[in-house]
Amino acid sequence: MGIGRTRPVGIVMAKRQSTVESKKRYDYEEELEKLHLELMKLQEWVKAKGLKVLVLFEGRDTAGKGGVIKRIIEPLNPRLCRVVALTTPTERERTQWYFQRYVAHLPAAGELVLFDRSWYNRAGVEHVMGFCTEEEYIEFLRATPVFEEMLIRSGIILVKYWFSVSPEEQDKRFKERMKNPLKRWKLSPMDLASRAKWDDYSRAKDDMFKWTDTPVSPWYVVDAEDQKVARLNCIKHFLTLIEYEDLQPPEVELPPRPPVGEIPRLPLARQNLVPHWYG
């Protein structure tokens, strides 16, 4: 069922248009390395200024959320960067305020937190697959803009990404996962059941945007038909949202090592050594 709203909100739409920059030839690994360097600079800035950064990644199954998250965290200090991917709520969590289990994972000063799916499960899978009541669903749509504005007023920098993929590309990726034993774990019965409800998810996504794509907390849509291009575009866009300066420490020269003393050492024969399987 479509949900009405008293005032329309402009939806941030993904524009599938070619630009001069996008037509330039580039090397994926080289571009990713450049972006990794900038992410490191951003993290140092977030740490130094005590910023609290929260990024939500949403989208259909196989859209590439996990892939871009993996590339973002790869060069970063794990002490200050966390990934949150919550499982199905427990019976106790089902009795709590809906947002409560997510609040426990919000960033503290100096932290970057990435949500691989988030409270928007209620607007998507829970609503489409019947895991919440219609009243709970409508209350979520009404409460979410207020909740997110509270987060932003508290000092959290909130960024929301939606990864958009076509049904044809999704099918292609499903088949690849089914054939690849290293990716087969990503498939679940719920994924296959959701595949049959493409139009239902489309309506749910549009209704979700009508209510939660606000000037204060907008959605950013990533064209994810090409996974590598989507990763680069998403990371580069993210870097434009927070002004930062290069606080990387200057290069230093390694001083000479002092002489190693002649001290008794534990014999190798008394240590449990890992076999040289390689090399």
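Values in this text are rule-based calculations from the coordinates and carry no lab data. Everything numeric here is computed off the predicted structure, so don't read it as measured data. Here Cβ is always computed from backbone atoms with ideal geometry, including for glycine, and neighbour counts include all displayed protein chains.
Using helices alone, I'd like the mean residue ellipticity at 222 nm for the chain: each DSSP H run of four-plus residues gives -39500 (n - 2.57), total over residue count, nearest 500. Can you show the working numbers first?
Numbers: 11 runs with 117 residues, N = 279.
After summing the helix terms and dividing by the residues of the chain, the value is -12500 deg cm²/dmol.
Among E168, E58, E253, which one shows the biggest mean-square fluctuation in a GNM of the chain, springs joining Cα atoms closer than 10 Å?
Maximum fluctuation in the GNM of the chain, among the listed residues, is at E253.
Pick out, in residue order, every one of the trypsin sites (Lys or Arg not before Pro) in segment 207-279 that is DSSP loop and has at most 12 other C-beta atoms within 10 Å; say none if there are none. Walk me through the intermediate numbers first.
Numbers: sites: K210, K228, R231, K236, R265, R270; in loops: R265.
The qualifying sites are R265.
Going by how many other beta carbons lie within 10 Å of each one, how would you line up Y137, Y278, Y220, fewest first?
Fewest-to-most Cβ neighbours within 10 Å comes out as Y278, Y220, Y137.
Answer with one residue from Q248, W185, V55: the one whose Cα lies farthest towards the positive end of the charge dipole of the chain, charges on Cβ with Lys, Arg +1 and Asp, Glu -1.
Of the candidates, W185 comes out farthest on the positive side.
For V222, enumerate residues with amide H under 5 Å from its amide H, sequence gap 5+ or separate chain, H modeled in the peptide plane.
Under 5 Å from the amide H of V222: W162, F163, S164.
With a cap of 12 neighbouring Cβ atoms within 10 Å, and only residues DSSP puts in a loop, list the chymotrypsin sites (Phe, Trp or Tyr not before Pro) found in segment 64-99.
Details: sites: W97, Y98, F99; in loops: W97, Y98, F99.
The qualifying sites are W97.
How long is segment 204-243 along each principal axis, judged by its Cα atoms, biggest number first, in Å?
Projected onto its principal axes, the Cα set of segment 204-243 covers 29, 29, 7 Å.
Only Cα pairs within less than 10 Å get springs; with that Gaussian network setup on the chain, which residue of L51, L254, L187 has the largest fluctuation?
L254
How large is the dipole of segment 48-173 about the Cα centre if only Lys and Arg carry +1 and Asp and Glu carry -1, each at its Cβ, rounded to the nearest 20 debye? Don't skip to the answer; put the middle values down first.
Values: 18 positive and 17 negative charges, 135 e Å.
So the magnitude is around 640 debye.
Among (1) 5, 23, 30, 22, 10, 6, 3, 0, 0; (2) 6, 27, 37, 23, 7, 0; (3) 7, 31, 38, 18, 4, 2, 0, 0, find the value of P(r) over Cα pairs in 10 Å bins from 0, in percent that was calculated from the structure presented, and write down its label.
Label (1) holds the value from this structure.
Hey, in the GNM for the chain with a 10 angstrom Cα cutoff, which one of G155, G67, G261 fluctuates hardest?
G261
What FRET efficiency comes out for the pair T240/Y278, r = Cβ-Cβ distance, R0 = 35 Å, nearest 0.05?
Details: r = 42 Å, r/R0 = 1.20.
E(calc), rounded to 0.05, equals 0.25.
What is the calculated FRET efficiency for K183 to R265, with r their C-beta to C-beta distance and R₀ = 41 Å, to the nearest 0.05?
Details: r = 45 Å, r/R0 = 1.11.
With R0 = 41 Å, the Cβ-Cβ based efficiency is 0.35.
In debye, nearest 20, what is the charge dipole magnitude of segment 35-245 about its Cα centre with +1 on Lys and Arg Cβ and -1 on Asp and Glu Cβ, if you could check? Walk me through the intermediate numbers first.
Details: 34 positive and 31 negative charges, 175 e Å.
Its charge dipole is roughly 840 debye.
Taking Cα centroids, how far is segment 38-52 from segment 185-238 in Å?
Spelled out, the Cα-based centre of one part sits 27 Å from the other.
Return the loop-located trypsin sites (Lys or Arg not before Pro) in segment 38-85 (DSSP other than H, G, I, E, B) with at most 14 other Cβ atoms within 10 Å of their own Cβ; answer none if there are none.
On the way: sites: K41, K47, K49, K52, R60, K65, K70, R71, R79, R82; in loops: R60, R79.
Sites meeting the loop and neighbour criteria: R79.
From the phi angles alone, apply the Karplus equation (6.51, -1.76, 1.60; θ = phi - 60°) to segment 80-88 and give each ³J(HN,Hα) in whole Hz, x where the residue is Gly or Pro.
Once θ is set to phi - 60°, the couplings for segment 80-88 become 10, 9, 10, 10, 10, 9, 6, 8, 4 Hz.
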